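Trainee: Starting off with a structure, shown below.
The values are calculated or read from the model by the stated rules, or taken from the named source; none is laboratory data. The shown structure was predicted, so the numbers you read here are calculated from the model rather than taken from an experiment. Virtual Cβ from ideal backbone geometry, glycine too; neighbours counted across all protein chains shown.
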């Protein structure tokens, strides 16, 4: 079946502009995660959605970052007033359910470049 | 700070050489451990995982990893690498709602 998809695959934006990144999880997966990968570093957790529960926003680096999820489907990550340090690959993952026992399936990522 | 450490950032091997990539974590208690791989131009995908039971875990493509609780380690091994194993490898620990990743090891296998 279809995997996790993300759009756009690449985004170049000017410093100070807002950007919106989209994630389509695997159908039926109730849990959705956003991670960020800066050059030469591992993935950093940003936010987690599980069903209708309040999201875990503990990884968001500043109030310029926000994310929404519509039910158990599409999620959007919004970065306002982008800064150069926001340049990274933003990865989305989904899993069948939340918790430790479920494998996370990753999308191809969105490469964000802030000039 | 609590973390996941991967000891080598770049590894270059010739085909048929043996591989061991180190991973150490600093979390106490019960841990779920993972190795993910990202082949050039492809998505991050699960190579193998450890939840409980036999500490020697076998994954896809001939990879295995050994969980040594006393050493807080989960090293990845393969007896004989192939050119197609060229990729970036990430160790991860599940902490609550998230995975905590190491910085990754880029493996290049020379043919």
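Trainee: Pairs please, first residue from segment A:1-22 and at pLDDT below 95, second anywhere and loosely packed, with under 13 Cβ neighbours inside 10 Å, Cβ atoms under 9 Å, 6+ apart in sequence or on different chains.
Mentor: Between residues of segment A:1-22 that are at pLDDT below 95 and residues that are loosely packed, with under 13 Cβ neighbours inside 10 Å, the close pairs are A:1/A:27; A:2/A:27.
Trainee: Can you work out which of the residues in segment B:73-101 that are outside any strand (DSSP E or B) and at the interface with chain A (Cβ under 9 Å from one of its Cβ atoms) is surrounded by the fewest Cβ atoms within 10 Å (Cβ to Cβ)?
Mentor: B:96
Trainee: Any idea which residue in segment A:69-105 is nearest to the other protein chains (Cβ to nearest Cβ), counting only those that are surrounded by 14 or more Cβ atoms within 10 Å (Cβ to Cβ) and closer than 18 Å to residue A:39 by Cα?
Mentor: Per the criteria, the residue is A:91.
Trainee: Another question about this same structure. What are the residues in segment B:27-61 that are free of Cβ contacts under 8 Å to residues at least 24 places away in the same chain, surrounded by 15 or more Cβ atoms within 10 Å (Cβ to Cβ) and under 20 Å from residue B:3 (Cβ atoms), if any?
Mentor: Correct list: B:49 only.
Trainee: Report the residue count in segment B:62-72 for those that are in a strand (DSSP E or B) and free of Cβ contacts under 8 Å to residues at least 24 places away in the same chain.
Mentor: 3
Trainee: Let me confirm something: among A:21, A:43, A:32, which residue is away from every other protein chain (no Cβ under 14 Å), surrounded by 19 or more Cβ atoms within 10 Å (Cβ to Cβ) and closer than 26 Å to residue B:89 by Cβ?
Mentor: Selected residue: A:21, the only one of A:21, A:43, A:32 that is away from every other protein chain (no Cβ under 14 Å), surrounded by 19 or more Cβ atoms within 10 Å (Cβ to Cβ) and closer than 26 Å to residue B:89 by Cβ.
Trainee: Of all residues being at pLDDT 95 or above, in a loop (DSSP other than H, G, I, E, B) and more than 15 Å from the chain's Cα centre (by Cα) in segment B:1-49, which is farthest from the other protein chains (Cβ to nearest Cβ)? Just the residue, please.
Mentor: So, considering only residues that are at pLDDT 95 or above, in a loop (DSSP other than H, G, I, E, B) and more than 15 Å from the chain's Cα centre (by Cα), the one farthest from the other protein chains (Cβ to nearest Cβ) is B:16.
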